[in-house]
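The values are calculated or read from the model by the stated rules, or taken from the named source; none is laboratory data. The structure displayed is predicted, hence computed values, not measured ones. Counting neighbours? That spans all protein chains shown, and the Cβs are built from the backbone with ideal geometry, glycine included.
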Amino acid sequence: MDAITNLLTRNSPRELTTPIPSKDEMHEIYQAALRAPDHAWLRPSRFIEVTGAGLDKLSKIFTEFAVNELKDVTPLQMEKYQAAPFRAPMIIILATQISEHPKVPKVEQMLSTATAAENILLALHAKNYAGIWRTGKFAFNKKIAEYLNLTSDHEVIGYLYVGTPTGTNKKIPQLDVNKFVTHWKE
């Protein structure tokens, strides 16, 4: 697939199933992720790949986090949190390891991880897999890093649900580029 077609056809499918990318495919996908812009070469992006029994472990972490850290969680919400990791056969947890740097603020380091995540989504699409980026209560929350056994200098920015797309794709509207672009001319 050529690069422009990849960019213009990437989608977040409604459902994901097996197969998932092989170890060799994931190695190449992570290499693509690490090509993301990275001011001062801080290498802030970290990825936790969760499959198989790891999904059970993540389910338990989400449940424990919800019980201990969230207020007024209904039984229905708890059931949703517990089931969340099983929406796809693979989850990649996106974390940024924040470094103190005089020229590279925290937000820029987090944006580097976000661009790495987009590279993962595009690389998955190029290999006929797909991903869905999710955030919610388990992202952008300093406490979740503890539950994931990460050090306090890490911040989770999201979760990529990964697999083979199944069912129908979402219909993506054709957008009028002129509504989003301003041209400054001489």
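Here are the numbers for the structure shown:
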{"item": "Whichever residue in the stretch 135-152 is within 14 Å of the chain's Cα centre (by Cα) and buried (at least 17 other Cβ atoms within 10 Å of the Cβ) and, among such residues, is nearest to N68 (Cα to Cα)", "result": "F138"}
{"item": "In the stretch 87-117, the residues that are in contact (Cβ under 8 Å) with a residue 60 or more places away in the chain and charged (D, E, K, R)", "result": "R87, K103, E108"}
{"item": "The lone exception for V73 - which of (1) surrounded by fewer than 19 Cβ atoms within 10 Å (Cβ to Cβ); (2) of a type in the set (A, V, I, L, M, F, W, C); (3) assigned to a helix (DSSP H, G or I) it fails", "result": "(3)"}
{"item": "Residues (within 20 Å of P89 (Cβ to Cβ), in contact with a Pro (Cβ under 6 Å, 6 or more places away or on another chain) and either modelled with pLDDT under 95 or part of a helix (DSSP H, G or I) (or both)) located in the stretch 115-168", "result": "none"}
{"item": "Considering residues of the stretch 1-33 that are surrounded by 15 or more Cβ atoms within 10 Å (Cβ to Cβ) and of a type in the set (A, V, I, L, M, F, W, C) only, the residue nearest to H101 (Cα to Cα)", "result": "A33"}
{"item": "Top-ranked residue in the stretch 169-181 [being of a type in the set (D, E, K, R) and at pLDDT 95 or above; ranked as surrounded by the fewest Cβ atoms within 10 Å (Cβ to Cβ)]", "result": "K179"}
{"item": "Residues being polar (S, T, N, Q) and surrounded by fewer than 17 Cβ atoms within 10 Å (Cβ to Cβ) - total across the stretch 98-115", "result": "2"}
{"item": "Flag for R14 being over 18 Å from M110 (Cα atoms) and basic (K, R)", "result": "yes"}
{"item": "Residue list for the stretch 37-53, filter: in contact (Cβ under 8 Å) with a residue 12 or more places away in the chain, surrounded by fewer than 16 Cβ atoms within 10 Å (Cβ to Cβ) and small (G, A, S)", "result": "A40"}
